[in-house]
Structure formats: structure tokens, C-alpha cells
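Notes to accompany the following structure.
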Amino acid sequence: MKEAETILKADHVTKSYRDLQVLKGINLEIKKGEFIAIVGKSGCGKSTFLRLIAGLEQPTDGVIEQNGKAVGGMNPHARMMFQDGRLLPWKKVIHNIGLGLQGNWKSKAMDVLCNVGLGDKAAHYPSNLSGGQKQRVALARALVHQPELLLLDEPLGALDALTRMDMQSLIENVWKTNGLTAILVTHDVEEAVRLADRVILLQNGKVKMDKRIDLPRPRLRTQSAFIEYTEEILEQILNPRAENDHAPNLKVISNSSY
Ligand SMILES: Nc1ncnc2c1ncn2[C@@H]1O[C@H](COP(=O)(O)OP(=O)(O)OP(=O)(O)O)[C@@H](O)[C@H]1O
Ligand SMILES: [Mg+2]
């Protein structure tokens with residue numbers, strides 16, 4: 001079978017804010033169609049890395065390439081979805097989705113709204129939607145631009161457990177049916193294992209772990225292999241070992257968020 005082509009490459013990417021070096025030479029290659037999850041402790045630079053990919057900021061050193069071309073300004077092939085949705089409260093749902101579109105935008109916006117299961121909410125204002133519905137609209141707003149790359153910065157972080165599971169299935173479906181490449185930042189290791197082909201752990205500004213999740217989809221949290229992957233990744237996050245440290249690791253706790 002022909003190997004998928006590389007869509008995104010980070011080559012020795014460094015990012016500093018004044019004297020704080022957040023990313024210290026990130027090397028990463030992502031294949032077209034892959035689902036990547038990025039995990040790591042708060043403040044380790046996950047959102048910073050996504051902003052660099054989106055072209056919202058530039059690396060201090062090194063380069064990010066999409067399809068072989070350096071991401072200069074705003075990356076036109078990527079769309080980002082945030083934890084808080086960032087909908088405009090004074091615009092109806094359909095106009096939030098159509099923002100920045102021209103021509104026959106309404107039918108396109110309506111199509112994606114139906115794809116996320118909210119065809120009946122077009123004329124509502126965001127304030128009349130639940131948290132999960134707002135995130136569906138935010139997802140539709142990203143999808144309407146048919147991006148090659150979908151960047152998700154903890155998009156489900158504020159949702160309750162059941163809504164979260166629904167949204168995970170929705171994200172998996174739109175990723176598959178649209179042939180997207182997705183990069184999801186999450187604090188929930190189970191969510192990462194549930195969705196990702198590879199889980200990347202950022203630690204001390206570097207890629208500490210790049211773990212391929214070799215499980216068929218849809219994945220079940222109760223499978224023993226699923227649990228083993230989750231525990232292995234959690235252990236790396238919670239018990240970062242220095243190079244020459246042979247002290248016994250702490251037992252991994254059962255909650256999969258850290
Ligand atoms: N614009 C900025 N100016 C100065 N420092 C910044 C800026 N943006 C981020 N930082 C710092 O860079 C570090 C990484 O921030 P970042 O938001 O990428 O972390 P994160 O891994 O996404 O954390 P969290 O899981 O809490 O969202 C933090 O120490 C943060 O304070
Ligand atoms: Mg963040």
C-alpha cells in the first residue's frame with residue numbers, strides 16, 4: 001500500500017516569549033488524513049504549537065511546512081476550534097457559520113449545520129443554545145471552509161461527560177467523511193486514545209512521546225488494550241523520569257484527566 005503523503009512538518013520549531021523558551025526544537029511529521037492528539041501538562045506549549053500551525057504566530061526559530069511550503073502568515077488551509085466556541089452573540093447561528101463566506105454561502109452553511117445535527121437551529125441566537133450545541137456550531141463554522149487541517153484546542157473541555165462522548169463521535173465522523181487531517185489538544189488521555197492515530201506528549205518544550213494507537217474504530221474504553229494505552233501515556237505525563245532517575249514510579253490514578 002502506498003504510504004500517505006506528509007501534510008505537515010515541524011522542523012526544529014522553537015518559540016520563545018521574551019526569556020521564556022516554550023518550545024525547544026519540535027520535530028514532527030504528520031501524514032495526510034491522520035488524527036493526532038497532543039497532550040501534556042498545563043503550560044507546556046500545546047496551544048502555542050497550534051497557534052504556530054494556524055499561522056496566528058510565527059516560530060522564533062525553525063519552520064512549519066504544510067504541503068512543503070512554509071506557513072508564513074495566516075494558514076489558509078487550517079481552521080481552529082476553541083474550548084469557548086467564540087461565536088458572535090449578536091449573530092444568528094446561520095450567520096455565525098457564514099461569516100467570511102461569499103456567493104451562495106447560505107446553502108453551504110445550512111449543509112454543514114445539518115451535518116452536525118442542528119439543521120433546526122439556523123435562526124437561533126447562540127444564547128439560546130446549550131454548551132454542546134454551541135460547540136457543534138463552532139465545529140460547523142470550521143468545516144464550512146473545507147480546511148485540509150482541523151485544529152482543535154480542547155474543544156470539549158467544558159462539556160459534561162455524556163455530551164462529550166457524543167461530540168467525540170461527531171468529530172470522528174466528520175474527520176472520516178471529510179478526509180480531514182485533525183490535531184486535537186486535550187487534557188483527557190482517554191479522549192486522546194479514543195480518537196487519535198498517534199498521541200504526542202509535549203514535555204519541557206519537546207516531543208517526549210509519540211505513541212501510535214493501533215486499535216480498530218470505533219474504540220471501546222472497556223477494551224483491555226485501550227486501558228493499557230491510557231495508563232502508559234498517563235504514567236509518562238504524571239511521572240516524567242529524568243534521564244538517570246531510577247526511582248520507582250508513582251501508581252497511575254484511575255481518572256484519565258491530569
Ligand atoms: N503571548 C504570550 N506571551 C507571553 N507568554 C505566553 C504567551 N502565550 C503563551 N505564553 C506562555 O507560554 C507557555 C505555554 O502556554 P500555552 O498556552 O501554549 O500552554 P498550554 O500547554 O496550552 O497550557 P493549557 O493546558 O493550560 O492550555 C505558558 O507559560 C504561557 O504563560
Ligand atoms: Mg492551551
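Summing +1 for each Lys or Arg and -1 for each Asp or Glu, what net charge is found among the other residues whose Cβ lies under 15 Å from the Cβ of Ser257?
Within the 15 Å Cβ shell, the charges total -2.
Suppose each label sits 7 Å from its Cα in the direction of the beta carbon; what would the Asp61-Met165 distance come out to in nanometres?
4.7
When the helices in the chain are scored as -39500 (n - 2.57) per DSSP H run of 4 or longer and the sum is shared across all residues, what 222 nm value do you end up with, to the nearest 500 deg cm²/dmol?
-9000 deg cm²/dmol
Over the chain, with a Gaussian network built from C-alpha contacts below 10 Å, which listed residue (His12, His145, His124) shows the highest mean-square fluctuation?
The residue that fluctuates most here is His124.
Have a look at Leu8, Gly73, Gly119 and report the one farthest towards the positive end of the charge dipole of the chain, computed about the Cα centre with Cβ charges (Lys/Arg +1, Asp/Glu -1).
Of the listed residues, the answer is Gly119.
Starting from segment 74-133, pick out the chymotrypsin sites (Phe, Trp or Tyr not before Pro) whose DSSP state is loop and whose Cβ has at most 10 other Cβ atoms within 10 Å.
Of the chymotrypsin sites (Phe, Trp or Tyr not before Pro), the ones in loops of segment 74-133 whose Cβ has at most 10 other Cβ atoms within 10 Å are Trp90.
Which FRET efficiency value, to the nearest 0.05, do you get for Ala158 and Glu3 by plugging their Cβ-Cβ distance into 1/(1 + (r/R0)^6) with R0 = 35 Å?
Once the sixth-power term is evaluated, E becomes 0.40.
For the chain, set up a Gaussian network in which alpha carbons nearer than 10 Å are linked by springs, and say which option among Ser47, Ser224, Ser127 fluctuates the most.
Ser224
Which whole-number percentage describes the relative contact order of the chain, with Cα contacts under 8 Å and a sequence gap of 6 or more?
RCO, the chain: 23 percent.
So for Leu129, Leu195, fewest C-beta neighbours within 10 Å to most, what's the order?
Leu129, Leu195
Once you have a ≥ b ≥ c as the square roots of the Cα gyration tensor eigenvalues for segment 106-182, tell me rounded if a/c is under 1.5, and otherwise prolate or oblate according to whether a/b is larger than b/c.
oblate
Coordinate-derived values only; no laboratory data. Everything numeric here is computed off the predicted structure, so don't read it as measured data. Positions of Cβ are generated from backbone atoms using ideal geometry, with glycine treated the same way; all protein chains shown enter the neighbour counts.
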